[in-house]
Amino acid sequence: MRPPMKRSFSFPIRYSEVDREGRLSPVALLQMMQSAADGNASSLSAGVADLHAEGLTWAMIRMEMHLEPLPGLGRTLTVDTWPSGSARSFVYRDYRLYDEQGHLLGQATSTWLVLSLETRRMVSIPGYMEALLPPPPGSVPLPRSEGRLPQPAGPDRRQFDHQVRWFDLDANGHAGNAQYLRWCLEALPPEVLRRPLAQATFTIRAEAHLDDVLTVTASPLPDRSWTHSIQRGEGLLAQALTQWG
């Protein structure tokens, strides 16, 4: 019997996952979503362990989230996720987030590629995965924005340097996706971080490795928005655009 294409995963919110305001932090949320994604992919024989056995792995290159205020300590978040299609060598995955009463707290869409662990280059989607990529029957892929994100600029820019440490790395040998988001958010002032995150779009263009020295920059835009970048020297590794409630 073929496993379901859409899966639900429930996560009790622990003390280590809430922020200074007592809400589930955006970084912890992303980690939950990634755990759900791998759980769903593993049930389809396409999880990280399955790809590692072939010298491959998944690499997320874009995520777009639209959120209501997130719940806090002791609450439970349910993540629904499913593969939502593909285009050329890119694979799409969508998410919906719910509280215990089934109220919709947010939705997100993401773009992934398959990476060779040996060459660190993108490879074609393995043939056996092609049957797993169409969205589940009756589902409608969530809308995806396209185009470049704005670069931080102007006199109000905030900036810091970060050297990649051992615990920034994941099992793929590079900085994990959640670390990029954490670095972007850590450039913001406390008066922004006290507000709930309403929207976030971020793109990852290149890997960060142990001992890399990164420059993280953020600058304000109208409508409580901020634009973010992470650079290694002159090379751009990641960008983000966030909007706060």
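I'm trying to understand the selection: among the residues of the stretch 3-41, which are over 18 Å from the mean Cα position of the chain (by Cα) and without any contact (Cβ under 8 Å) to a residue 24 or more places away in the chain? Of everything in the stretch 3-41, just one residue is over 18 Å from the mean Cα position of the chain (by Cα) and without any contact (Cβ under 8 Å) to a residue 24 or more places away in the chain, namely S16.
Taking the criterion of being part of a strand (DSSP E or B), at pLDDT below 95 and surrounded by fewer than 19 Cβ atoms within 10 Å (Cβ to Cβ), would at least one residue in the stretch 124-135 satisfy it?
Within the stretch 124-135, not a single residue is part of a strand (DSSP E or B), at pLDDT below 95 and surrounded by fewer than 19 Cβ atoms within 10 Å (Cβ to Cβ).
Looking at D94, D80, just one residue is of a type in the set (D, E, K, R) and in contact with a Pro (Cβ under 7 Å, 6 or more places away or on another chain), and that residue is D94. Can you tell me which residue among D50, D80 is of a type outside the set (G, A, S) and either within 18 Å of the chain's Cα centre (by Cα) or not assigned by TED's automatic domain parsing to the domain that holds L30 (or both)? Just one listed residue meets the conditions, D80.
From the list L142, L169, the lone residue that is modelled with pLDDT under 95, within 24 Å of Q31 (Cβ to Cβ), under 17 Å from the mean Cα position of the chain (by Cα) and outside the structural domain of L67 (by TED's automatic domain parsing) is L142. Can you pull out every residue in the stretch 159-198 that is within 28 Å of G245 (Cα to Cα), surrounded by fewer than 16 Cβ atoms within 10 Å (Cβ to Cβ) and polar (S, T, N, Q)? Across the stretch 159-198, the qualifying residue is only Q159. Counting the residues of the stretch 60-101 that are farther than 27 Å from R20 by Cβ and free of Cβ contacts under 8 Å to residues at least 12 places away in the same chain gives 2. Note on the stretch 173-226: residues that are assigned to a loop (DSSP other than H, G, I, E, B) and farther than 25 Å from M122 by Cα amount to 9.
Considering the conditions (1) without any contact (Cβ under 8 Å) to a residue 60 or more places away in the chain; (2) touching an Asp or Glu at 6+ places or on another chain (Cβ under 7 Å); (3) under 25 Å from Q107 (Cα atoms), P222 is excluded by exactly one of them, (2).
Consider the stretch 78-123 and keep the residues that are of a type in the set (F, W, Y) and at pLDDT 95 or above. The one that is surrounded by the most Cβ atoms within 10 Å (Cβ to Cβ) is Y95. So, in the stretch 101-123, of the ones that are part of a strand (DSSP E or B) and of a type in the set (S, T, Y), which residue ends up farthest from F202 (Cα to Cα)? Checked the stretch 101-123; the qualifying residue farthest from F202 (Cα to Cα) is S116. Candidates R75, R7, R14, R62: the one that is modelled with pLDDT of 95 or more and in contact with a strand residue (DSSP E or B) (Cβ under 7 Å, 6 or more places away or on another chain) is R62.
Candidates are the residues of the stretch 26-55 that are assigned to a loop (DSSP other than H, G, I, E, B) and in contact with a helix residue (DSSP H, G or I) (Cβ under 6 Å, 6 or more places away or on another chain); the one that is surrounded by the fewest Cβ atoms within 10 Å (Cβ to Cβ) is G47.
The values are calculated or read from the model by the stated rules, or taken from the named source; none is laboratory data. As the structure is a computational prediction, the values presented were derived from the model and not from experiment. Don't worry about glycine lacking a Cβ; one is built from the backbone with ideal geometry, like all the others, and counts go over all protein chains shown.
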